[in-house]
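Here the structure is laid out as structure tokens; the discussion comes afterwards.
The values are calculated or read from the model by the stated rules, or taken from the named source; none is laboratory data. Worth saying up front: this structure is predicted, and the values here are computed from it rather than measured. Cβ: placed from backbone, ideal geometry, glycine included. Neighbour counts: every protein chain shown. In case anyone asks, the SASA skips ligands and DNA or RNA and just uses the protein heavy atoms, side chains included. Shrake-Rupley method; radii C 1.70, N 1.55, O 1.52, S 1.80 Å.
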Amino acid sequence: MSKENGTKSSVPLLDVNRGNSLLREEILASIAEVVDSGRFLHGPQVGELECTVAGLCQTSQAIACASGSDALLLALMALDIQAGDEVILPSFTFFATASAIARLGANPVFVDIDPKTYNICPDAVAASVTSRTRAIIPVHLFGQCAAMDEITAIAKKHDLPVIEDAAQAIGAEYLGRPAGAWGDIGCLSFYPTKNLGGMGDGGMMVCHDKEMAAKLRLLASHGMQPRYYHKLVGINSRLDTIQAAILNVKIAHLQSYTDARQKNADRYADMFEASGLSQCIELPYHAPEALHVWNQYGIRVPGGLRDSLRKHLSDMGIGNEVYYPVPLHQQECFRDLGYTDGCLPQTERAAKEILHLPIYPDLTEREQASVVQGIERFYATASLRRAA
Ligand SMILES: *Cc1c(COP(=O)(O)O)cnc(C)c1O
């Protein structure tokens, strides 16, 4: 297939420039303001963003930091997680959820997922609590909250703190309560591919407790207060004023981005239904309790066909990705933890079957149709092969 005969229909997995270009002048003006002010750290734009995010998450506190990864690390530090402690988390997540735990010398305790939502399984969490457990980190994967009512109930029963990894879920809700507002600390990321993406790294922690917020803020600035007097051994993790200024421009549009992602998800569902493909692939499950913000749109491709479908789409120029091909309990760096293959069956199956398709806000209906047609064509030839 080639561009010349008109059958190659290139669709990017993500095109950050489409959204950003509409705000180009406004963003450049906001950057110019920071440049002229000379306040590259601790500028007023940071506090402004913190206020807006706290409002969005319905928390009284928000503390900016350098990345979502740092937000997780700082949250664990604020809870005094130490060497030998156990922290429960899903294996099916981005590496940063686990590396923050390992960085402190604590042990990540990986548990399995619910095969429908891909989020941490509450029963597995309950079964993994030991006398050494010090925290639980549910991840709101792909923009849909974990079963926070059940998870917070388990945590309460064992008097354990909950850190929400809401890096992919800003604006999401569960039972009407925002992501980040359920646990003791919520962690957000402004990495460019996230629903609120900056132009570089950035992150934020949200919480309800003023003292906790003060500790997080202290830890994010070398534990220093006042200047050159160190109360705690913290780290240097700040959000640049320039990033805050850019994010202040973009956050005014977050609701419209979310609306567009939801519209795209609904449209995929209609298109896949109309094409009959929902018989071949499993569409993403949207729990009735959840307000899904669709950071990613992942289909499940059964029958060992995922990698060949993936290649077919890539050959057609249709963007796709696998989040995540190797579960964390099977990563080389965690080999010493002693997890065996097959111990988290739903996680391992998801890693083999899931395939992510373009879902970003500015994706057009035509592009979505190309994605669906690309998959239709794959199954048409696959069934021809089977018939032959
Ligand atoms: C992106 C992400 C992070 C890390 O955020 P960064 O800002 O990239 O450091 C952590 N957890 C999850 C689930 C993520 O998707």
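Structure data summary
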{"quantity": "Residue in the stretch 127-149 that is under 22 Å from Gly68 (Cβ atoms), assigned to a helix (DSSP H, G or I) and of a type in the set (Val, Ile, Thr) present", "calculated": "no"}
{"quantity": "Filter result for Glu348 (surrounded by 15 or more Cβ atoms within 10 Å (Cβ to Cβ), in contact with a strand residue (DSSP E or B) (Cβ under 7 Å, 6 or more places away or on another chain) and of a type in the set (Asp, Glu))", "calculated": "no"}
{"quantity": "Any chance Leu56 is open to solvent by 40 Å² or more (accessible area, probe 1.4 Å), under 24 Å from Ala146 (Cα atoms) and either not in a helix (DSSP H, G or I) or not assigned by TED's automatic domain parsing to the domain that holds Arg335 (or both)", "calculated": "yes"}
{"quantity": "Residue list for the stretch 300-322, filter: of a type in the set (A, V, I, L, M) and either buried (at least 21 other Cβ atoms within 10 Å of the Cβ) or in contact (Cβ under 8 Å) with a residue 40 or more places away in the chain (or both)", "calculated": "Val301, Leu305, Leu309, Leu313, Met316, Ile318"}
{"quantity": "Residue list for the stretch 221-241, restricted to those being within 16 Å of the ligand (Cβ to nearest atom) and surrounded by 14 or more Cβ atoms within 10 Å (Cβ to Cβ)", "calculated": "Ile235, Ser237, Arg238, Leu239, Asp240"}
{"quantity": "Thr340 part of a helix (DSSP H, G or I) and of a type outside the set (Gly, Ala, Ser)", "calculated": "no"}
{"quantity": "Some residue of the stretch 111-134 being within 16 Å of the ligand (Cβ to nearest atom) and of a type in the set (Ser, Thr, Tyr)", "calculated": "yes"}
{"quantity": "Tyr297 vs. criteria in contact (Cβ under 8 Å) with a residue 12 or more places away in the chain, open to solvent by less than 20 Å² (accessible area, probe 1.4 Å) and among the aromatic types (Phe, Trp, Tyr)", "calculated": "yes"}
{"quantity": "Verdict on Ala172 being free of Cβ contacts under 8 Å to residues at least 60 places away in the same chain, in contact with a helix residue (DSSP H, G or I) (Cβ under 9 Å, 6 or more places away or on another chain) and either open to solvent by 30 Å² or more (accessible area, probe 1.4 Å) or away from the ligand (no atom under 12 Å from the Cβ) (or both)", "calculated": "no"}
{"quantity": "Residue within the stretch 50-57 that is of a type in the set (S, T, N, Q) and out of contact with any strand residue (DSSP E or B) (no Cβ under 9 Å at 6 or more places or on another chain) present", "calculated": "no"}
{"quantity": "Single unsatisfied condition, Ala265 versus (1) open to solvent by less than 10 Å² (accessible area, probe 1.4 Å); (2) under 25 Å from Leu363 (Cα atoms); (3) in the same structural domain as Thr97 (by TED's automatic domain parsing)", "calculated": "(3)"}
{"quantity": "Filter result for the condition that a residue is in contact with a strand residue (DSSP E or B) (Cβ under 9 Å, 6 or more places away or on another chain), open to solvent by less than 80 Å² (accessible area, probe 1.4 Å) and away from the ligand (no atom under 14 Å from the Cβ), over Leu196, Leu218", "calculated": "Leu218"}
{"quantity": "Meets criteria (touching a residue at least 40 places away in the same chain (Cβ under 8 Å), open to solvent by less than 40 Å² (accessible area, probe 1.4 Å) and closer than 21 Å to Glu173 by Cβ) for Tyr257", "calculated": "yes"}
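Okay, residues lined up against (1) open to solvent by 40 Å² or more (accessible area, probe 1.4 Å); (2) closer than 19 Å to Leu160 by Cβ:
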position: Gln82; (1), (2): yes, yes
position: Glu86; (1), (2): no, yes
position: Phe94; (1), (2): yes, no
position: Thr97; (1), (2): no, yes
position: Ile101; (1), (2): no, yes
position: Pro108; (1), (2): no, yes
position: Ile113; (1), (2): no, no
position: Asp123; (1), (2): yes, yes
position: Thr130; (1), (2): yes, yes
